[in-house]
Ligand code: SF4
């Protein structure tokens, strides 16, 4: 399910480097997070440029499921041979696409296989992205819980039926109301909603209405990303033809501030630029990305980050199936980036500053063995002078002004 959130994981913000460096012979390190990509959707939303197959048939779903199982098996056997230690999983995240289209039997089998191959921690966070129109009974949510899913991330985007139509979403406000409540009645306590600020035709009263609506929902977490108009989408065409339908940056920021201030007033902690959580409900899986920690990945178009190497699976169901069968998950053909030590440190700054807790000197030293205050002294001084960050000698974090101009801050570390 694409929201701008898909742009926040680390592979979205780091420049690609050419493969001129020598590829290490072996991997080293440990990992305990797994991302599984589901490439199916019922139709294409008007703002989405993600790889997804609309109107998938059962044969494609079955092929995906069988290949996911094979990829997990190869990850387990080949990582060991390559010197990578996969620890008992602490987070598993089904993203897409529309993971709620996957039959619960498949989810259950895949999670059982993960348990058998890697182990899953008792208190692991296991997330399923879901579209509200598919969660149309309490039974469905109960089945997901039984399969092992314990966190739902639902693509609400807006509570306005008019705006949902503009977005090309398939659910209505009423569908969403029932879906969140079915999930809660079935026993889910960790439920997140995705919102988008800066939608075409949106007014401040739409924002107020959505805020009132979500106040009635059993939510522990909310993500709110600014609309990012991607090329080759219906929104790109709409923006070229009718730019006046899109809020300007100032209005989008005002909308976001209204959402931020309201959620904070309701007891949500603003813990990442675009994310809010009740106490202890921060997304543990996404925090792995923001802390530049390693993660495994399975599925077409999925990217992993292991021992300084980023790999991306082919963004095509048939090519991915062939690649898993013939080459395996550690194929050199899948390597898209080799991150040098210097790049890894810049990445830690860039991603770490997304977290409102900021970057701490001791954590950075534990991770990289270096002192960021010395490495990035000139950047720190410049950003402090411009009022974009707060720095207390140990920790650097975005200032309020820096939250609105975070791209200027991040540019210093690219
Ligand atoms: S549900 Fe819509 S936004 Fe999500 S991945 Fe599918 S087409 Fe994209």
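For the range 278-374, which fully contained strands (runs of 3 or more DSSP E) count at least 2 residues that are farther than 24 Å from residue 126 by Cα and either in the same structural domain as residue 62 (by TED's automatic domain parsing) or touching a strand residue (DSSP E or B) at 6+ places or on another chain (Cβ under 8 Å) (or both)? Talk me through it step by step, then tell me what you get.
Details: elements: 296-298, 303-306, 309-312, 335-338.
Per the criteria, 335-338.
Is one or more of the residues making up the range 246-269 without any contact (Cβ under 8 Å) to a residue 12 or more places away in the chain and not assigned by TED's automatic domain parsing to the domain that holds residue 38?
No: the range 246-269 contains no residue that is without any contact (Cβ under 8 Å) to a residue 12 or more places away in the chain and not assigned by TED's automatic domain parsing to the domain that holds residue 38.
For the range 61-71, state whether one or more residues are modelled with pLDDT under 95, in the same structural domain as residue 223 (by TED's automatic domain parsing) and in contact with a helix residue (DSSP H, G or I) (Cβ under 9 Å, 6 or more places away or on another chain). Break it down stepwise before answering.
Restricting attention to the range 61-71, the residues satisfying the condition of being modelled with pLDDT under 95 are none.
The answer is no; no qualifying residue exists.
If I filter the range 139-181 down to residues being out of contact with any strand residue (DSSP E or B) (no Cβ under 8 Å at 6 or more places or on another chain) and closer than 26 Å to residue 114 by Cβ, which single residue comes out as surrounded by the most Cβ atoms within 10 Å (Cβ to Cβ)?
Taking the candidates together, the pick is 147.
Any chance you could count how many residues in the range 386-414 are part of a loop (DSSP other than H, G, I, E, B) and in contact with a helix residue (DSSP H, G or I) (Cβ under 6 Å, 6 or more places away or on another chain)?
5
Could you please let me know if residue 206 is surrounded by 14 or more Cβ atoms within 10 Å (Cβ to Cβ) and at pLDDT below 95?
On the way: surrounded by 14 or more Cβ atoms within 10 Å (Cβ to Cβ): yes; at pLDDT below 95: no.
It is false that residue 206 is surrounded by 14 or more Cβ atoms within 10 Å (Cβ to Cβ) and at pLDDT below 95.
Being closer than 27 Å to residue 352 by Cα, surrounded by fewer than 16 Cβ atoms within 10 Å (Cβ to Cβ), modelled with pLDDT of 95 or more and assigned by TED's automatic domain parsing to the domain that holds residue 232 narrows it down to one of 33, 88, so name that one. I'd like the intermediate steps shown before the answer.
Numbers: 33 fails: surrounded by fewer than 16 Cβ atoms within 10 Å (Cβ to Cβ).
Going through 33, 88 in turn, the sole match is 88.
Are there helices (runs of 4 or more DSSP H) fully within the range 98-193 with at least 1 residues that are within 16 Å of the ligand (Cβ to nearest atom) and over 22 Å from the mean Cα position of the chain (by Cα)? List them. Before you say what the answer is, go through the steps one by one.
Values: elements: 104-117, 138-147, 161-167, 173-186.
Fully inside the range 98-193 and qualifying: 161-167, 173-186.
The values are calculated or read from the model by the stated rules, or taken from the named source; none is laboratory data. Predicted, not measured: the structure shown is a model, and the values here were computed from it. FYI the Cβ positions are ideal-geometry reconstructions off the backbone, even for glycines, and counts take in every protein chain you see.
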